[in-house]
């Protein structure tokens, strides 16, 4: 443990974000549930706060972004001048020689898509657990006796929340950085701090366009996260990461990071990406919407077979590539399912009930809204067929035991009841066809540096229409059906839902919430709610098969798809 003088550069993050001992889904829950409901996690996982530090007190595991910054600053100032630590170890590393404390935060004010609905629905829109733990760090650092000697820098995916709300002084933050650790602007900022020079209150750090300037750290990261790509190329109007250049990290660098994680005791590897299917498409001369099957299979096979790797989890992807290349999904399943830590025994056909659950942005079933906010998400297909792309894609994924975490955006600007009804049509049709995924509805949040940053959607849950509430509750009901198999379990769940409604939720969320909540509770037959007109029942959708959808692709793109398969990117790799 470091003595009183302190380390010049100290890096940290909120406890709920820096650890991985509690498991991926617990960390996701902490990002969304209101702090007042944290007792549920404490009850089920009482030891989640117990972290194991290295002998010198530094963090044994840390988010990939902090590890990148650690490596960048270690190169510039020397590794002995930089440390990553857990929040409770902060006092041991801060001292008169400390010059900067850099904090990474995902959700300091609780305004992400998920927190917007999962916390606010319980009446605590600004206080999900993640934001509480972020504020604890701010308070610890602000009240430190040597605070006058060092600057406080905030970065990470949620740093924009502080900058946009002008709350820097309130939380004792000297500079808010929006951008990557490898950016020239970020490096210059730390040099200015170390030299005692003035620094800006906010800094935009431009994303490097040169792959050689990007860093894959080889120290252990939370959940074994290793960056696979940057950018995406689909240009959804609400998305920040898609504004970054589309770059693919080379396999040899990824494998060195895999080796580093395993050597440090990590048994899980998760490749971070906005869309795993765009990896090395540019290098192969492929359109970004045609997966480079040969290299994808080679990469994931190498990771799954690496000595010491027990679990491999998937990050983000899009659903259209499943239609473009179903054989790729089948081939990946052959060796990734056995390495998946996720089990869904009620729906998986794997002998051990294992499943793969990448995060896929579905967002809406409305063609009108899809055209408006994410026209490129359907490529190479026309967005006009979006609900059918989703349904046919889910069928291919489910056939191979892929049950994705599928996000929906509720309350986008200009969303009408007709749009909500089209989304419900898609949900009910998925149910009729026996298709499964973990639906995750969220309330629209206008992120900065996106084409929708100046727009305004639903600000609070009481503004949601009954149909918007029905989208949320129908999605939640379909998701919970996967876990609730017994009649007693469903009954208990329903009674608990009604108790919450009667004691608290009806006042918070308004009258439009009542009937959708009854649908979610399962205490009244769903068809009764439909017949009495209390809820929309959804219209059956005609089936458009994969072959029919492929025929709608423009001829030049069809040729590219066929060419990719004939040149070794296709069917032969699945054997």
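Can you go through 352, 431 and tell me which one is surrounded by fewer than 24 Cβ atoms within 10 Å (Cβ to Cβ), more than 23 Å from residue 540 (Cβ to Cβ) and either at pLDDT below 95 or outside the structural domain of residue 110 (by TED's automatic domain parsing) (or both)?
Unique residue meeting the criteria: 352.
Considering (1) crowded, with 22+ Cβ neighbours inside 10 Å; (2) out of contact with any strand residue (DSSP E or B) (no Cβ under 6 Å at 6 or more places or on another chain), say which one residue 346 fails and leave the rest.
Among (1) crowded, with 22+ Cβ neighbours inside 10 Å; (2) out of contact with any strand residue (DSSP E or B) (no Cβ under 6 Å at 6 or more places or on another chain), residue 346 violates only (1).
Could you count how many residues in the range 374-391 are farther than 17 Å from residue 406 by Cα and in a helix (DSSP H, G or I)?
So the answer is 5.
Identify all residues within the range 441-452 that are at pLDDT 80 or above and either buried (at least 23 other Cβ atoms within 10 Å of the Cβ) or part of a loop (DSSP other than H, G, I, E, B) (or both); write none if there are none.
441, 443, 444, listed by residue number.
Does the range 165-194 hold any residues that are in contact (Cβ under 8 Å) with a residue 40 or more places away in the chain, out of contact with any strand residue (DSSP E or B) (no Cβ under 9 Å at 6 or more places or on another chain) and farther than 26 Å from residue 216 by Cβ, and which are they?
The answer is 165, 167.
Residue 166 is checked against (1) more than 26 Å from the chain's Cα centre (by Cα); (2) within 28 Å of residue 110 (Cβ to Cβ); (3) exposed (fewer than 15 other Cβ atoms within 10 Å of the Cβ) and fails just one. What number does that condition carry?
Answer for residue 166: the failing condition is (1).
Provide a single number: the residues in the range 185-197 that are within 27 Å of the chain's Cα centre (by Cα) and either buried (at least 21 other Cβ atoms within 10 Å of the Cβ) or in a loop (DSSP other than H, G, I, E, B) (or both).
Number satisfying all stated conditions: 1.
Yes or no: the range 388-404 includes at least one residue that is closer than 25 Å to residue 512 by Cα and either touching a residue at least 40 places away in the same chain (Cβ under 8 Å) or crowded, with 23+ Cβ neighbours inside 10 Å (or both).
No, there is no match, as no residue in the range 388-404 is closer than 25 Å to residue 512 by Cα and either touching a residue at least 40 places away in the same chain (Cβ under 8 Å) or crowded, with 23+ Cβ neighbours inside 10 Å (or both).
Taking residue 200 as the residue in question, decide whether it is at pLDDT 95 or above, closer than 25 Å to residue 6 by Cβ and either in a loop (DSSP other than H, G, I, E, B) or not assigned by TED's automatic domain parsing to the domain that holds residue 109 (or both).
The answer is yes for residue 200.
Determine which single condition residue 258 fails, assuming it passes every other condition in (1) crowded, with 20+ Cβ neighbours inside 10 Å; (2) in contact (Cβ under 8 Å) with a residue 40 or more places away in the chain; (3) in a helix (DSSP H, G or I); (4) out of contact with any strand residue (DSSP E or B) (no Cβ under 6 Å at 6 or more places or on another chain).
Result: residue 258 fails condition (4) only.
Here is a list: 303, 329. Which entry is under 22 Å from residue 387 (Cα atoms), surrounded by 18 or more Cβ atoms within 10 Å (Cβ to Cβ) and modelled with pLDDT of 95 or more?
329
Every residue in the range 72-98 that is under 27 Å from residue 198 (Cβ atoms) and either surrounded by fewer than 20 Cβ atoms within 10 Å (Cβ to Cβ) or assigned by TED's automatic domain parsing to the domain that holds residue 220 (or both), please.
If the condition is that a residue be under 27 Å from residue 198 (Cβ atoms) and either surrounded by fewer than 20 Cβ atoms within 10 Å (Cβ to Cβ) or assigned by TED's automatic domain parsing to the domain that holds residue 220 (or both), then 74, 75, 76, 77, 78, 80, 81, 90, 96, 97 are the ones that fit.
Filter the range 392-406 for residues that are touching a helix residue (DSSP H, G or I) at 6+ places or on another chain (Cβ under 7 Å) and not in a helix (DSSP H, G or I); which is nearest to residue 374 (Cα to Cα)?
That would be 404.
Would you check if there is a residue in the range 280-298 being closer than 28 Å to residue 18 by Cα, assigned by TED's automatic domain parsing to the domain that holds residue 379 and buried (at least 21 other Cβ atoms within 10 Å of the Cβ)?
No, the range 280-298 has no match at all.
The values are calculated or read from the model by the stated rules, or taken from the named source; none is laboratory data. Quick caveat: nothing in here was measured; it's all calculated off a predicted structure. When we count neighbours, we look across all protein chains shown, and the Cβ atoms used for this are built from the backbone with ideal geometry, even at glycine.
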